[in-house]
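Presented below is the structure to which this report refers.
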Amino acid sequence: MEQIERIQTMEQALSRAQAAVSALSEALDAYCGVLPDIKALDAYLQSDEWKADYASDEAGALPAELKRGVLSEDGIYDLLTENDALRKRLAAVAADRKRRKRTQA
(Lines give C-alpha, C1' and ligand atoms only; values in the text may rest on other atoms or scores of the structure.)
Protein backbone atom coordinates (compact mmCIF):
# COMPACT_ATOMS: atom_id res chain seq x y z
CA MET A 1 0.00 0.00 0.00
CA GLU A 2 1.42 3.35 -0.94
CA GLN A 3 1.78 6.08 1.61
CA ILE A 4 -1.06 8.30 0.28
CA GLU A 5 -3.43 5.32 0.00
CA ARG A 6 -2.50 4.17 3.54
CA ILE A 7 -3.17 7.63 4.97
CA GLN A 8 -6.50 7.85 3.14
CA THR A 9 -7.51 4.39 4.35
CA MET A 10 -6.59 5.22 7.95
CA GLU A 11 -8.39 8.57 7.71
CA GLN A 12 -11.56 6.77 6.64
CA ALA A 13 -11.13 4.31 9.50
CA LEU A 14 -10.69 7.18 11.94
CA SER A 15 -13.80 8.92 10.68
CA ARG A 16 -15.94 5.76 10.91
CA ALA A 17 -14.60 4.92 14.35
CA GLN A 18 -15.18 8.44 15.70
CA ALA A 19 -18.78 8.40 14.46
CA ALA A 20 -19.44 4.94 15.92
CA VAL A 21 -17.88 5.77 19.30
CA SER A 22 -19.85 9.00 19.52
CA ALA A 23 -23.12 7.25 18.63
CA LEU A 24 -22.46 4.45 21.12
CA SER A 25 -21.64 6.94 23.87
CA GLU A 26 -24.91 8.78 23.29
CA ALA A 27 -26.83 5.50 23.17
CA LEU A 28 -25.25 4.32 26.43
CA ASP A 29 -26.14 7.61 28.10
CA ALA A 30 -29.76 7.18 26.98
CA TYR A 31 -29.76 3.52 28.05
CA CYS A 32 -28.39 4.31 31.50
CA GLY A 33 -31.10 6.94 31.84
CA VAL A 34 -33.88 4.39 31.32
CA LEU A 35 -32.52 1.61 33.53
CA PRO A 36 -34.85 2.69 36.39
CA ASP A 37 -37.77 2.48 33.92
CA ILE A 38 -36.75 -1.04 32.90
CA LYS A 39 -36.58 -2.08 36.55
CA ALA A 40 -40.01 -0.54 37.19
CA LEU A 41 -41.50 -2.30 34.13
CA ASP A 42 -40.09 -5.63 35.31
CA ALA A 43 -41.66 -5.18 38.74
CA TYR A 44 -44.96 -4.03 37.20
CA LEU A 45 -45.19 -7.06 34.90
CA GLN A 46 -44.80 -9.38 37.89
CA SER A 47 -47.29 -7.49 40.06
CA ASP A 48 -50.93 -7.98 40.90
CA GLU A 49 -51.47 -4.44 39.60
CA TRP A 50 -50.49 -5.51 36.08
CA LYS A 51 -52.85 -8.47 36.31
CA ALA A 52 -55.69 -6.20 37.43
CA ASP A 53 -54.92 -3.65 34.71
CA TYR A 54 -54.81 -6.43 32.11
CA ALA A 55 -58.15 -7.82 33.31
CA SER A 56 -59.71 -4.36 33.13
CA ASP A 57 -58.47 -3.99 29.57
CA GLU A 58 -59.82 -7.39 28.57
CA ALA A 59 -63.18 -6.47 30.12
CA GLY A 60 -63.31 -3.25 28.07
CA ALA A 61 -63.25 -1.10 31.20
CA LEU A 62 -60.46 1.20 29.99
CA PRO A 63 -60.92 4.19 27.70
CA ALA A 64 -60.48 3.31 24.02
CA GLU A 65 -57.98 6.16 23.46
CA LEU A 66 -55.70 5.00 26.30
CA LYS A 67 -52.32 3.75 25.08
CA ARG A 68 -51.90 0.28 26.53
CA GLY A 69 -48.75 -1.24 25.11
CA VAL A 70 -47.73 -2.18 28.65
CA LEU A 71 -50.77 -4.44 28.81
CA SER A 72 -49.85 -6.52 25.79
CA GLU A 73 -48.76 -9.93 26.94
CA ASP A 74 -45.46 -9.65 25.10
CA GLY A 75 -44.58 -5.94 25.15
CA ILE A 76 -42.73 -5.69 28.45
CA TYR A 77 -41.49 -9.30 28.29
CA ASP A 78 -39.93 -8.70 24.86
CA LEU A 79 -38.24 -5.53 26.13
CA LEU A 80 -36.84 -7.37 29.15
CA THR A 81 -35.59 -10.20 26.93
CA GLU A 82 -33.88 -7.73 24.59
CA ASN A 83 -32.40 -5.93 27.60
CA ASP A 84 -30.94 -9.19 28.94
CA ALA A 85 -29.46 -10.00 25.53
CA LEU A 86 -27.94 -6.52 25.33
CA ARG A 87 -26.41 -6.84 28.78
CA LYS A 88 -24.86 -10.19 27.82
CA ARG A 89 -23.52 -8.67 24.61
CA LEU A 90 -21.98 -5.74 26.48
CA ALA A 91 -20.42 -8.12 29.00
CA ALA A 92 -18.98 -10.23 26.18
CA VAL A 93 -17.47 -7.15 24.54
CA ALA A 94 -15.89 -6.12 27.85
CA ALA A 95 -14.57 -9.63 28.50
CA ASP A 96 -13.11 -9.83 24.99
CA ARG A 97 -11.39 -6.48 25.50
CA LYS A 98 -9.86 -7.71 28.78
CA ARG A 99 -8.59 -10.88 27.08
CA ARG A 100 -7.03 -8.84 24.28
CA LYS A 101 -5.29 -6.55 26.77
CA ARG A 102 -3.82 -9.55 28.62
CA THR A 103 -2.50 -11.16 25.46
CA GLN A 104 -0.97 -7.87 24.27
CA ALA A 105 0.89 -7.31 27.53
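The values are calculated or read from the model by the stated rules, or taken from the named source; none is laboratory data. The shown structure was predicted, so the numbers you read here are calculated from the model rather than taken from an experiment. Counting neighbours? That spans all protein chains shown, and the Cβs are built from the backbone with ideal geometry, glycine included.
Every condition in (1) part of a helix (DSSP H, G or I); (2) surrounded by 10 or more Cβ atoms within 10 Å (Cβ to Cβ); (3) not aromatic (Phe, Trp, Tyr) is met by ILE4 except one, and the failing one is (2). Any residue at all in the range 54-68 that is closer than 17 Å to ALA43 by Cβ and touching a helix residue (DSSP H, G or I) at 6+ places or on another chain (Cβ under 6 Å)? Within the range 54-68, one or more residues are closer than 17 Å to ALA43 by Cβ and touching a helix residue (DSSP H, G or I) at 6+ places or on another chain (Cβ under 6 Å). Among the residues of the range 13-48, the ones that are within 21 Å of ALA85 (Cβ to Cβ) and not in a helix (DSSP H, G or I) come to 1 in all.
Yes or no: ASP53 without any contact (Cβ under 8 Å) to a residue 40 or more places away in the chain, surrounded by 10 or more Cβ atoms within 10 Å (Cβ to Cβ) and either touching a Leu at 6+ places or on another chain (Cβ under 8 Å) or acidic (Asp, Glu) (or both)? Taking the combined requirement at face value, the residue satisfies it.
Listed by first and then second residue, the pairs linking a residue in the range 78-94 that is within 23 Å of VAL21 (Cβ to Cβ) to a residue that is at pLDDT 95 or above and part of a helix (DSSP H, G or I), with Cβ atoms under 6 Å apart and 6 or more places separating them unless they lie on different chains, are ASN83/ILE38.
Scanning the range 49-75 for residues that are assigned to a helix (DSSP H, G or I) and among the hydrophobic types (A, V, I, L, M, F, W, C), we see that the one that is nearest to ASP37 (Cα to Cα) is VAL70.
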